[in-house]
Amino acid sequence: MPTIREVLTQKGNNVLTVSGQASVLEAIGIMSEANVGAIVVQDGDKPSGIFTERDYLRKIALQGLSSKNTAVSDVMSSPLITVSSADSTRAAMQTMTERRCRHLIVADGGKMVGIVSLGDLVKSMLQEKEAEVEQLSSYISGNY
């Protein structure tokens, strides 16, 4: 079973961040430019929450709030849901299912080292299954 460390090695450990004082409009602009569905909200150099597309829909659009006049810290999800880089992708998917979220902060020793999305985990698991099928096919055909 692949680990979160392996997923980060493949996808990179770059994490988009925004200050909690930034407007929601600034945050969604950054997210749109990077083509991602979430951004980590930081208080100085410490992560304090996460702002997602789901937060935008539920807390801005449906509530009729202004993206330009609302601080990200007012509508972010907190506390952060985290996993360790040593955790398996299966354990991370279980956490996502139980906590009903699509993004997990990867933290080692209390320090943020990356972020993984449900899509990242599905991609990793599909690659693992494809490799298994390839190995079994080779074994069956005698090409091992």
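Please treat every number below as a calculation from the coordinates, not as lab data. This one's a predicted model, so the numbers in the text were calculated from it and none came from an experiment. Positions of Cβ are backbone-derived with ideal geometry, glycine not excepted, and every protein chain shown enters the neighbour counts.
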Problem set entry | Too-long pairs where the Cα-Cα distance tops 25 Å, listed order kept, from Lys11/Lys129; Lys59/Lys123; Lys68/Lys123 | Lys59/Lys123; Lys68/Lys123
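Expressed in nm to one decimal, what extension gain is obtained for the pair Val133 and Asn14 from 0.36 nm per residue of sequence separation less their Cα-Cα distance?
Extending this stretch completely gives an extra 39.7 nm.
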For this session: Using +1 at the Cβ of each Lys and Arg and -1 at the Cβ of each Asp and Glu in segment 1-138, identify which of Gly44, Met1, Leu57 lies farthest towards the dipole's positive end.
Result: Leu57
For this session: Assign one of three labels to segment 1-70, namely rounded, prolate or oblate, based on the Cα gyration tensor with a ≥ b ≥ c the square roots of its eigenvalues; rounded applies when a/c is under 1.5, prolate when it is not and a/b is larger than b/c, and oblate otherwise.
Result: prolate
For this session: Would you kindly state how much longer the chain becomes between Arg102 and Asp74 on full extension, computed as 0.36 nm times their sequence separation minus their alpha carbon distance, in nm to one decimal?
Result: 8.1 nm
For this session: Using amide H atoms built 1.01 Å from N in the peptide plane, name the residues 5+ places from Ser48, or on other chains, whose amide H lies under 5 Å from its own.
Result: Val41, Gln42, Asp43
Exercise. For the pair Gln21 and Val122, what calculated FRET efficiency results from E = 1/(1 + (r/R0)^6), where r is the Cβ-Cβ distance and R0 = 35 Å, to the nearest 0.05?
Worked result: 0.55
Exercise. What list of ³J(HN,Hα) couplings, whole Hz, do you get for segment 14-25 from phi and the Karplus terms 6.51, -1.76, 1.60, once you set θ to phi - 60° and write x for glycine and proline?
Worked result: 5, 10, 6, 10, 8, 5, x, 7, 5, 6, 4, 4
Problem set entry | Selection from Thr95, Gln127, Val113 lying farthest towards where the dipole of segment 41-144 points positive, charges on Cβ | Thr95
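Taking segment 29-111, which trypsin sites (Lys or Arg not before Pro) meet the DSSP loop condition and have no more than 10 other C-beta atoms within 10 Å? Write out the running numbers ahead of the final one.
Working: sites: Arg54, Arg58, Lys59, Lys68, Arg90, Arg99, Arg100, Arg102, Lys111; in loops: Lys68, Arg100, Arg102.
Passing both the DSSP loop test and the Cβ count: Lys68, Arg100.
Compute, for segment 20-144, the length of the dipole vector about the Cα centre, with Cβ point charges of +1 (Lys, Arg) and -1 (Asp, Glu) only. Units Debye, rounded to 20. Don't skip to the answer; put the middle values down first.
Numbers: 12 positive and 15 negative charges, 85 e Å.
Around 400 debye, computed over segment 20-144.
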Exercise. Rounded to two decimals, what is Rg over Rh for the chain when you use alpha-carbon atoms and the Kirkwood radius?
Worked result: 1.09
